[in-house]
Amino acid sequence: AGGGRAALRACGVHNVCRLLTRRAHGFYARDAGVAHRKNLGLLRRIMCQESTKFKNVWTTHSASPIAYERGRIYMDNYQCCITSIAQQPRLIYQKSKCAKSEKIEDALLLECPLGEMLPSPSDYKASLIVLTVQNWLLRLSADSGEVLEKVYLAGSCCKFFRYLSWDTPQEVMIVKSAQNKLPAAARQAGIQQTVLFYLAVFQVLPLSFIGMLEINKKIFGNSVTDVAVSNGILIVMYSMGLVRLYNFKAILEQFMEQPFDLGQEFNWNGQVGVVGKYPFGLPCNIKITDTPPLLFEASSLENAFQIGGYPWHYIITPNKKKHKGVFHICSLKDNALAKNGIQDMKCCSLEPDWIYFHPDMSGRIIHVGPNLIKVLKLKEVKNHADQMEIAEDFTIVANRENCVNNNVTVTASGRVVKKRFTLLDDDPEQETFKIVDYEDELDLLSTVAVTQIGADGRAHLDFHCNEHGILLKSIPLKESWDVTYSHEVYFDKDLVLHIEQKPNRRFSCYVYQMVCDTARDDD
């Protein structure tokens, strides 16, 4: 606080907002992160120069999925790791092929928190948390693949853990089981399965066990189809489109029967073992005996539900098939529909448009259609401070200047021909948006647009100013893009990476690096 007041006096700034703005722009050289911000600003300017190109420096193909995490490319079920940061991707480590029983089901990248004292030197380096098919949770060194820690999850009851996710990113991790389903013979015999899912909760770095709980039909109802945990909220989804939210932290505190530490010997419900060791695994020490207090509920088509913005709002689609592609933006406080809160692009397309809160924490909303991207913002209604409206911040439009879609044409002989069909909004022969992403370190909005003529599809990655939507750079992707395949594109500072999944589980990876063009280099 004293330093802030001194800075205010030194620069003659007497307004806190102005001080924070100047600090963000790097006016105070002694502030932490100033050099990093300046370097990223320089990188952004260099990258957006006309003379700067992105060159395809590496391509590989695989019969197993390819994953990308923070400058590392993982292949062969995470047994092979390649760095993409070098001038040309190079091998970091290659482990021997694992048995099917050691297959990795899911993985999360774990990075060291800033400003914290950790018990082990290895904790200060990036690591990979992986979940194996045999219910082992492993922490692997990101640099060597060495196993740093291992925890056995499944105890006496049969639990097949399959999914990893963050409750709080880089702090609290959730390990979720597949949905419990009885064999057909057991169902025919009248045996009922009341436990639908198991959730194991861990604090990370150092890795510590918080607890395990059941999602039970008797507590949450018979029609539960899925559960998730995010930012301290337990999200329960139902077959009829209902979504219910509960305070997850309060559930842990209220229904915790006994805390346990990893490696601790325990005697639990007649079992004697060590927490996290084979064959005992983890005790189910959180027993929900009554329905927790409901925070919020909403009904939405296909359980699509998002919260964001400021003040808090949520996005749903009315729970009827005829409303598919229609989005309602409502206040979380009183469920009031915002003014202009019904967003409908009226697309006639095979693939639906999609909408989500902008990941830059600005509270804005991104709505993506086949040929149009709308960035929307929440603002107060004039003369009604308690009511919010949805306003357009900016739009990005696909380049369809050469596209002519006339229903009536005239032949050379003068004969009038009427078409019996109209092109879809996402017809492959028209430029169509396929991917929209945000690069937080460079503050750029990236889009992938594709045009397919015959068997040959062409895509380009565009960088837009995140504040105003102005096009700053366009990068053509050299490889053909088939719209029927599955694609992922990652834009990570000076790197562009394209992962493609073809039929019959064939995967390809294309890596582009930023290069400064010269008169002699036509790449």
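The values are calculated or read from the model by the stated rules, or taken from the named source; none is laboratory data. Quick caveat: nothing in here was measured; it's all calculated off a predicted structure. Cβ: placed from backbone, ideal geometry, glycine included. Neighbour counts: every protein chain shown. For accessibility, only protein heavy atoms count, side chains too; no ligands or nucleic acids. Shrake-Rupley method; radii C 1.70, N 1.55, O 1.52, S 1.80 Å.
Of the residues making up the range 343-359, those that are buried (at least 19 other Cβ atoms within 10 Å of the Cβ) and at pLDDT below 95 are MET345, ASP353. Could you give every pair whose Cβ atoms fall below 7 Å, whose first residue belongs to the range 263-284 and is of a type in the set (Val, Ile, Thr), and whose second residue is open to solvent by 70 Å² or more (accessible area, probe 1.4 Å) and not in a strand (DSSP E or B), counting only separations of at least 6 or pairs across chains? Pairs that qualify, where the first residue is of a type in the set (Val, Ile, Thr) and the partner is open to solvent by 70 Å² or more (accessible area, probe 1.4 Å) and not in a strand (DSSP E or B), are VAL275/ASP261. Screening the range 24-57 for residues that are open to solvent by less than 90 Å² (accessible area, probe 1.4 Å), in contact with a helix residue (DSSP H, G or I) (Cβ under 8 Å, 6 or more places away or on another chain) and not acidic (Asp, Glu) and picking the one that is modelled with the lowest pLDDT gives GLY26.
This table checks each residue for (1) under 25 Å from the mean Cα position of the chain (by Cα); (2) over 16 Å from ASP437 (Cβ atoms); (3) of a type in the set (Gly, Ala, Ser); (4) open to solvent by 60 Å² or more (accessible area, probe 1.4 Å).
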{"position": "GLN452", "(1), (2), (3), (4)": "no, yes, no, no"}
{"position": "ALA455", "(1), (2), (3), (4)": "no, yes, yes, yes"}
{"position": "ARG458", "(1), (2), (3), (4)": "no, yes, no, yes"}
{"position": "HIS464", "(1), (2), (3), (4)": "yes, no, no, no"}
{"position": "GLU467", "(1), (2), (3), (4)": "yes, yes, no, yes"}
{"position": "ILE470", "(1), (2), (3), (4)": "yes, yes, no, yes"}
{"position": "SER480", "(1), (2), (3), (4)": "no, yes, yes, no"}
{"position": "THR484", "(1), (2), (3), (4)": "yes, yes, no, yes"}
{"position": "HIS487", "(1), (2), (3), (4)": "yes, no, no, no"}
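For the range 248-341, the strands (runs of 3 or more DSSP E) that sit wholly inside it and include 3 or more residues that are more than 30 Å from VAL151 (Cβ to Cβ) are 294-299, 305-308, 313-316, 326-331. Considering only residues in the range 305-328 that are open to solvent by 50 Å² or more (accessible area, probe 1.4 Å) and among the hydrophobic types (A, V, I, L, M, F, W, C), the one that is farthest from ILE233 (Cα to Cα) turns out to be TRP312. Of the set (1) within 25 Å of ARG244 (Cβ to Cβ); (2) more than 20 Å from the chain's Cα centre (by Cα); (3) not hydroxyl-bearing (Ser, Thr, Tyr), all apply to LYS277 but (1).
Would you mind stating whether VAL326 is among the aliphatic types (A, V, I, L, M) and in contact (Cβ under 8 Å) with a residue 24 or more places away in the chain? The answer is no for VAL326. Hey, can you tell me all the residues within the range 229-242 that are within 21 Å of LYS217 (Cβ to Cβ), among the small types (Gly, Ala, Ser) and open to solvent by less than 40 Å² (accessible area, probe 1.4 Å)? Answer for the range 229-242, where residues must be within 21 Å of LYS217 (Cβ to Cβ), among the small types (Gly, Ala, Ser) and open to solvent by less than 40 Å² (accessible area, probe 1.4 Å): just GLY241. Of the strands (runs of 3 or more DSSP E) lying entirely inside the range 77-122, those carrying at least 3 residues that are free of Cβ contacts under 8 Å to residues at least 24 places away in the same chain are 80-83, 90-94.
Flag set for ILE210, criterion: crowded, with 17+ Cβ neighbours inside 10 Å, part of a strand (DSSP E or B), on the phi < 0 side of the Ramachandran plot and of a type in the set (A, V, I, L, M, F, W, C).
For residues that are farther than 26 Å from ILE316 by Cα and either at pLDDT below 95 or among the charged types (D, E, K, R) (or both), scanning just the range 243-257, find the one that is most open to solvent (accessible area, probe 1.4 Å). The qualifying residue most open to solvent (accessible area, probe 1.4 Å) is GLU253. Restricting the first member to the range 387-406 and to residues that are among the polar types (S, T, N, Q) and modelled with pLDDT of 90 or more, and the second to residues that are in a strand (DSSP E or B) and surrounded by 12 or more Cβ atoms within 10 Å (Cβ to Cβ), the beta-carbon pairs closer than 6 Å and six or more apart or on different chains are THR395/LYS374.
The condition (being surrounded by fewer than 19 Cβ atoms within 10 Å (Cβ to Cβ) and of a type in the set (S, T, N, Q)) is satisfied by just one residue among SER300, SER331, SER362: SER362.
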